[in-house]
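The values are calculated or read from the model by the stated rules, or taken from the named source; none is laboratory data. These numbers come from a predicted model, not from an experiment. Positions of Cβ are generated from backbone atoms using ideal geometry, with glycine treated the same way; all protein chains shown enter the neighbour counts.
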Amino acid sequence: MNLMMLLEMAASAFPERVAFTDSSNATSYTYGDLFTAAGRRAAALRASGARRMAMLDVTSVATPLALFSSAWAGLPYVPLNYRLTDPEIEALLARVTPAYLVTDADRSDRLGVLDAVAATAREHFLEDHRHPEDPADEWSMDPDEIAVLLFTSGTTGQPKAAVLRHKHLVSYILSSVEFAGAAEEEATLVSVPPYHVAGIAAILSSVYSGRRVVQLPSFTAEEWIDVARRERVTSAFLVPTMLARIVEALEGQSDAGMPHLQAVSYGGGRMPQTIIERAMDLFPNTDFTNAYGLTETSSTITVLGPDEHRAAKSSDDPAVRRRLASAGIPLPGIEIEIRDEDGRVLGPNERGEIYVRGEQVSGEYEGRGRVTDNDGWFPTRDAGSMDDDGYLFLEGRADDVIVRGGENLSPGEIEDVLMEHPAVRDVAVVAMPDEQWGEAVAAAVVVKPGQSVSAEELQGWVRDRMRSSRVPQVVRFADELPYNETGKLLRRIVREWFSPGG
Amino acid sequence: MALKTGARLKSAVCDGEVMIVKAPAGDIELTCGGVPMADSAPATRQAALPDHAVGIRIGKRYINEDGSLEVLCVKAGDGGLAVNGQLLLQKDTRQLPKTD
């Protein structure tokens, strides 16, 4: 079992098809050429004596080349966040030496002087004439070898390196993607960064299905819309903030159509219900899919499909309509349980921590081993519940739940209600310390340009729609909410705004 | 031979290759074209049994009767897969929505 096997199959079934196109410079690879290039880079990697392949660069056609050549050579692939500072990057690099590093020309000079780091500029890595080697000998089929080390975006302490072995990623692809299932004209637009698990999953599932990948190295809504139209993109994965920006950019335009866009999947954070509803109004012929997953689970574990989106949106029944906010049902081979703090398995509609089990679940960190229990269950640290039909509802990180006077409140529910207010552009609800209740509800609100609203009006808006315990005790207005570059709301920072002295 | 998950086996009668997705413990003789498959292909090709020449298709999965054995065809070939003389069945795959 090896990721290379996925590319080998594609290269033997449709070698001439274009596999990857970088929209920023129009370079591309066919499956056949990518396979050959990977074999030659694998020979160079093996000869280098490196033990890891580190990639520190924006997305380009070098991204899949680095992923597959390291799989071929038998080195873990380590994509690093290029937005980190040099000292942060050096600290991470020191944990993966001896390393073969592919990066931009500037950083290649600066980081190449480090101990046990052989740095190569992306341009050199891509040039065939610099890699005249014969393709490396066969890759290992040992399913337990490490395919990818992904540093998680933990915001406290040292980043953890999640370990994904070939067996985890290959099982994920085999259970969720049909080989050669894409039609020749299909193209998917990838705008998530290469160091995000969704970026890795996009490469693998696109290769296995034979779907051309159009790469967008740096996301803006305007650029995304432009490239999607120009390249006749048929599908895309987006994090919620990206979809929100695209909806804002297109709403009210006379020519808002994206006629080729058959499917949009989204995940990587909580999707506000108003945003997905507006997106569905904007693209009525597009299939929307919500995918929930984590780095430690090789990406997607639950899916809310297009039919369920349409059924929920067109329903007058609040229970059915609520499903639009659901993360869906588990993929084949995935089991989910909701457990309380004592590890007791909870029933339908009871809130607790989400546990997951399945062949694609790694739950392992380098240097710390697996954090799964004896039966293979991985604690996600995400809070949630399942309804009577097994649909999963996310309530945010387990640490984000607001415990007010013994009652557990989900920030997401309150955020959804506030987002429905016509003047609200964005909102974050967090816990704030409170003498009487232990914790109280606090809301940070971004108002739409040209609109105004008072804290009292927003409190009244929530009071009219939810139980009184959900009404924010404090509402604070902000110009922007803090997100990381993959669209994850940094609640820790919002909480600081409401802490004493914050 | 014992079939190990993730291992790749080659046909002795054609270009066909499979990867073991899952297998029960113990010795199992997986054949292609009626001839045992192995880690490497023999120097000279053998003839397939006539009723074992149904072919395997790349990307398709094949299972035995009780579903305890599952293999993925990673290279197409003319032979047919079998265990104990029983041809494996092509597994139906459900179409899932595209997620990434």
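Mind checking which residues of region A:141-160 are at pLDDT below 95 and either polar (S, T, N, Q) or farther than 26 Å from residue B:18 by Cβ (or both)?
A:151, A:152, A:153, A:154, A:155, A:156, A:157, A:158, A:159, A:160
Name the residues in region A:77-103 that are surrounded by 16 or more Cβ atoms within 10 Å (Cβ to Cβ), more than 12 Å from residue A:50 (Cβ to Cβ) and at pLDDT 90 or above, would you?
Across region A:77-103, the qualifying residues are A:79, A:80, A:81, A:82, A:89, A:92, A:95, A:103.
When you go through B:51, B:27, B:39, B:15 one by one, which is the residue that is charged (D, E, K, R), without any contact (Cβ under 8 Å) to a residue 40 or more places away in the chain and closer than 22 Å to residue A:2 by Cα?
Step by step, each of B:51, B:27, B:39, B:15 is checked, and only B:39 is charged (D, E, K, R), without any contact (Cβ under 8 Å) to a residue 40 or more places away in the chain and closer than 22 Å to residue A:2 by Cα.
Just to be sure, is residue B:79 over 30 Å from residue A:293 (Cβ atoms), touching a helix residue (DSSP H, G or I) at 6+ places or on another chain (Cβ under 9 Å) and part of a loop (DSSP other than H, G, I, E, B)?
So residue B:79 passes the test.
Report those strands (runs of 3 or more DSSP E) wholly inside region A:181-242 carrying at least 2 residues which are within 20 Å of residue A:62 (Cβ to Cβ) and among the hydrophobic types (A, V, I, L, M, F, W, C).
Result: A:187-190, A:212-215.
Could you please find all residues in region B:29-60 being touching a strand residue (DSSP E or B) at 6+ places or on another chain (Cβ under 6 Å), away from chain A (no Cβ under 14 Å) and among the β-branched types (Val, Ile, Thr)?
Hit for region B:29-60 is B:31, nothing else.
Given the criterion more than 11 Å from every other protein chain (Cβ to nearest Cβ), closer than 29 Å to residue B:59 by Cα and hydroxyl-bearing (Ser, Thr, Tyr), identify the matching residue among A:208, A:195.
A:195
Confirm whether residue A:44 is part of a helix (DSSP H, G or I), in contact (Cβ under 8 Å) with a residue 60 or more places away in the chain and over 27 Å from residue B:59 (Cα atoms).
Yes; evaluated as a whole, the condition is true for this residue.
Answer yes if at least one residue in region A:3-16 is more than 14 Å from chain B (Cβ to nearest Cβ) and not in a helix (DSSP H, G or I), and no otherwise.
Looking for residues that are more than 14 Å from chain B (Cβ to nearest Cβ) and not in a helix (DSSP H, G or I), one finds at least one in region A:3-16, hence yes.
Please go through (1) buried (at least 19 other Cβ atoms within 10 Å of the Cβ); (2) outside any loop (DSSP other than H, G, I, E, B) for residue B:48 and return the number of the only condition it doesn't satisfy.
(2)
Report the residue count in region A:355-370 for those that are surrounded by 15 or more Cβ atoms within 10 Å (Cβ to Cβ) and at negative phi.
10
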